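All remarks here apply to the structure that follows.
The values are calculated or read from the model by the stated rules, or taken from the named source; none is laboratory data. In this text, all values refer to a predicted model and were calculated from it rather than measured experimentally. Heads up, the Cβs are rebuilt from the backbone with ideal geometry, glycines too, and the neighbour counts pull from every protein chain shown. When the accessible area is computed, the model is the full protein with side chains, heavy atoms only, and any ligands, DNA or RNA have been set aside. Shrake-Rupley method; radii C 1.70, N 1.55, O 1.52, S 1.80 Å.
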Amino acid sequence: MTDHVDVSFIRRITDKVLAGGDVEFAEAEQLLSTENVGTLSECANMITRKFAGDVVDVETLVNAKSGRCPEDCSFCAQSAFYDSHSGISRYPLLPKQVIVDQAKKDQQGGASSFCLVCAYRSPPEEEFEKICDCIEEIKRTLSIDVNVSLGFITLEKAKRLKSLGVKRYNHNLETSETFFRQICKTHDFSDRVRTAKIVKEAGLELCCGGIIGLGETPLQRIELAFAIRSLRADEVPINILIARQGTPLAYQSPVNPADAIKTIAVWRFIMPSVILKIAGGREIHLTDQQAMILKAGANGIISGGYLTTGGNKIEEDLSMVKSVGLKTKQS
Ligand code: SF4
């Protein structure tokens, strides 16, 4: 009986979304509570194909400046509060040629976009200039899309990045407003919202997502998705916590794979047309179910490793995309 109710409810909400309607908060909550992962995934896949097509965005990252971030995000191995115990290598801004060479290699490997990431609260003037120089060089010599993630940013700097041809600026909300204090005390949720709004105001595309598995409730995962939807994000990365030694979340219980897949699927119902990108934690938590998420709402992947952990090689991910009958920009 429960299954029957679940299936008819999931199909009714699917029809509503396919017809252009918005999912209500209570409906999203009910979707997330289903045990019928199969039907939920199948319906999220229908929504993805209708509103986001069958091209998977394959993005690579360069950690262009690692560690010593003055913020205290409790999941982050790059925070200065934890980075001497987290085992990461800390280094200042990489030389331009190293970054440009990495972008070139990733483009040749089949990536559609390249994100230059620095562990800053906000970019210092002198380093911002060097980063702009680097972006100019990539735009001049390569055709890969360039995205950046530099922490809090002013409107003036965001406009400058836009003028250089940057496509998207990443600034995650990380978790819901009601849980944010539990994971960060050096800045507020509203600081993150402010930067996200600046990104849109500057005419850049907004990449804005978060992390699941920090200890938040299912309801707070829905709250986070609705907050992101209200910011009109173009791309939404969803990370699954990799519990890192030396951080306060080192012993956090892992997310159940079914819960991760359900969260991805329900976020797709909430945001039908975004690039919903599965980022950190996919290899560790989803193991042999990674391909499944591309049929359960996700239409983007971070490939070739993350900021402080390794990941699948690009060629492995490209064949995974192909194996489920989808395409990449290059194919
Ligand atoms: S602001 Fe970013 S880099 Fe800094 S501690 Fe938080 S998550 Fe890590």
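Is it true that some residue in region 70-93 is over 29 Å from SER163 (Cα atoms), open to solvent by less than 10 Å² (accessible area, probe 1.4 Å), within 16 Å of the ligand (Cβ to nearest atom) and in contact with an Asp or Glu (Cβ under 9 Å, 6 or more places away or on another chain)? For region 70-93, residues over 29 Å from SER163 (Cα atoms), open to solvent by less than 10 Å² (accessible area, probe 1.4 Å), within 16 Å of the ligand (Cβ to nearest atom) and in contact with an Asp or Glu (Cβ under 9 Å, 6 or more places away or on another chain): present.
Results for (1) of a type in the set (Asp, Glu); (2) open to solvent by 20 Å² or more (accessible area, probe 1.4 Å); (3) more than 17 Å from the chain's Cα centre (by Cα); (4) within 15 Å of the ligand (Cβ to nearest atom), shown as yes or no for each residue.
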| site | (1), (2), (3), (4) |
| --- | --- |
| ALA202 | no, no, yes, no |
| GLY209 | no, no, no, yes |
| GLY215 | no, yes, yes, no |
| ARG221 | no, yes, no, no |
| ALA225 | no, no, no, no |
| VAL236 | no, no, no, no |
| ASN239 | no, yes, no, yes |
| VAL255 | no, no, no, no |
| LEU286 | no, no, no, no |
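Conditions (1) buried (at least 16 other Cβ atoms within 10 Å of the Cβ); (2) hydrophobic (A, V, I, L, M, F, W, C), marked per residue:
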position: PHE25; (1), (2): no, yes
position: LEU32; (1), (2): yes, yes
position: ALA44; (1), (2): yes, yes
position: THR48; (1), (2): yes, no
position: PHE51; (1), (2): yes, yes
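Annotation note: Cβ proximity below 6 Å between a residue of region 42-57 that is within 15 Å of ILE13 (Cβ to Cβ) and a residue that is of a type in the set (Val, Ile, Thr) and open to solvent by less than 60 Å² (accessible area, probe 1.4 Å) (sequence gap 6+ or interchain) occurs for CYS43/ILE10; CYS43/THR14; ILE47/VAL17. Here the condition is being touching an Asp or Glu at 6+ places or on another chain (Cβ under 6 Å), at pLDDT below 95 and buried (at least 16 other Cβ atoms within 10 Å of the Cβ); of SER112, SER176, it holds for SER112 alone. Can you find even one residue in region 137-155 that is open to solvent by 60 Å² or more (accessible area, probe 1.4 Å), in contact (Cβ under 8 Å) with a residue 24 or more places away in the chain, over 23 Å from the mean Cα position of the chain (by Cα) and within 15 Å of the ligand (Cβ to nearest atom)? No, the conditions are met nowhere in region 137-155.
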